[in-house]
Every structure is written in structure tokens, then in C-alpha cells.
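Scroll down for the structure; my scribbles are underneath it.
The values are calculated or read from the model by the stated rules, or taken from the named source; none is laboratory data. Owing to the predicted nature of the structure, the values given are computational and were not obtained by experimental measurement. Cβ placement follows ideal geometry from the backbone for every residue including glycine, while neighbour counts extend to all protein chains displayed.
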Amino acid sequence: MTVTNKDTARRAIEELDRRHEPAEEFYTKDSMTYMLNNPPFDIHTYKTVHAPTFFSAFPDLIHNIENVMEERDTVMLDIVCTGTHKGSFMGIEATHRQVSYRSVIFYDFVDGKISRTRGVYDQMGLLEQIGAKFVPSG
């Protein structure tokens, strides 16, 4: 049976939830990630900085894939993330609140591996759920 890019995208997310770090076997060596409100980062930085930041704050975080679409060498995942705020996140100490927020990820593939990740997540919604207060400026 042939493994499709959709299959690989799903497996990459499943392994992220299981390992609490990206599984490098799904990514090219020069894979880059571009997330809204963050500078671009490589797979090493994803593994050593970004994933640990999220999983230390939300150790039971799960990515529930709701929709998957594929066009040429790009796979789009529509995801609802759920977890419990059990550690400091963006300066907010653990509240033990349940959170749920949406994320959309685009994976670009080269030879069956993820070469580029582009994504957004509802950062404002997540922060509001853990008690952040936003004050309008002006």
C-alpha cells in the first residue's frame, strides 16, 4: 500500500502528540516552519524550543484533526487542539483550565517528507481561556 502525503501529515501529528516533539523522520533536514507571530524556525528549534514550550504548559495537549485536504504536494490540516493549562505559558502561570482552540496547518512535501510548515492558531482565544486580559490601546 502506498503511503500518501495525507497519511504522513496525519502520522506526523499523531507522533507529535505521542512523543511531545516532532518526529524528525517525517521532515526534510532543511524543513522550515512559519507560524503567524513567530520568526521562521527549523526542525531543531521546533524540537528543542517550540514543542517543549507548548507541551510543558499543556502536557495533555491533543491535536484532533477535523479535516484534511490535499492539492498537489500540499496538505492542509484543520485541527482542534485540546488540553489542560498545567504550566507557565507566555508569562501566565498554570490555571488548570481546560482549553480548546483551532489551528490550521499547511504542510508542503518533497519526496514524501515535510519540507515546509505554515500555520496559524487561535492564540488570542487560547490566551483568553487561560486568563489573559487584553486592554484596548488608545
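Structure above, values below:
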| quantity | calculated |
| --- | --- |
| Residue that is within 13 Å of the chain's Cα centre (by Cα), outside any strand (DSSP E or B), among the small types (G, A, S) and surrounded by 14 or more Cβ atoms within 10 Å (Cβ to Cβ), where the choices are A94, A51 | A51 |
| Some residue of the range 73-90 being in contact with an Asp or Glu (Cβ under 8 Å, 6 or more places away or on another chain), of a type in the set (K, R), part of a helix (DSSP H, G or I) and surrounded by 15 or more Cβ atoms within 10 Å (Cβ to Cβ) | no |
| Scope the range 38-76; condition modelled with pLDDT under 95 and polar (S, T, N, Q); matching residues | N38, T45, T48, T53 |
| First in the range 92-105 and within 11 Å of H63 (Cβ to Cβ) and modelled with pLDDT of 95 or more, second anywhere and assigned to a strand (DSSP E or B) and polar (S, T, N, Q), Cβ under 7 Å, 6 or more apart | I105/T117 |
| Number of positions in the range 12-48 that are in a strand (DSSP E or B) and of a type in the set (S, T, Y) | 5 |
| Complete set of residues in the range 2-48 that are in contact (Cβ under 8 Å) with a residue 60 or more places away in the chain, exposed (fewer than 15 other Cβ atoms within 10 Å of the Cβ) and over 17 Å from D111 (Cβ atoms) | Y34, L36, N37 |
| Subset of the range 107-124 (residues that are surrounded by 18 or more Cβ atoms within 10 Å (Cβ to Cβ) and under 11 Å from D78 (Cα atoms)) | Y121 |
| Residue in the range 109-126 that is assigned to a strand (DSSP E or B), under 17 Å from D7 (Cβ atoms), modelled with pLDDT of 95 or more and acidic (D, E) present | no |
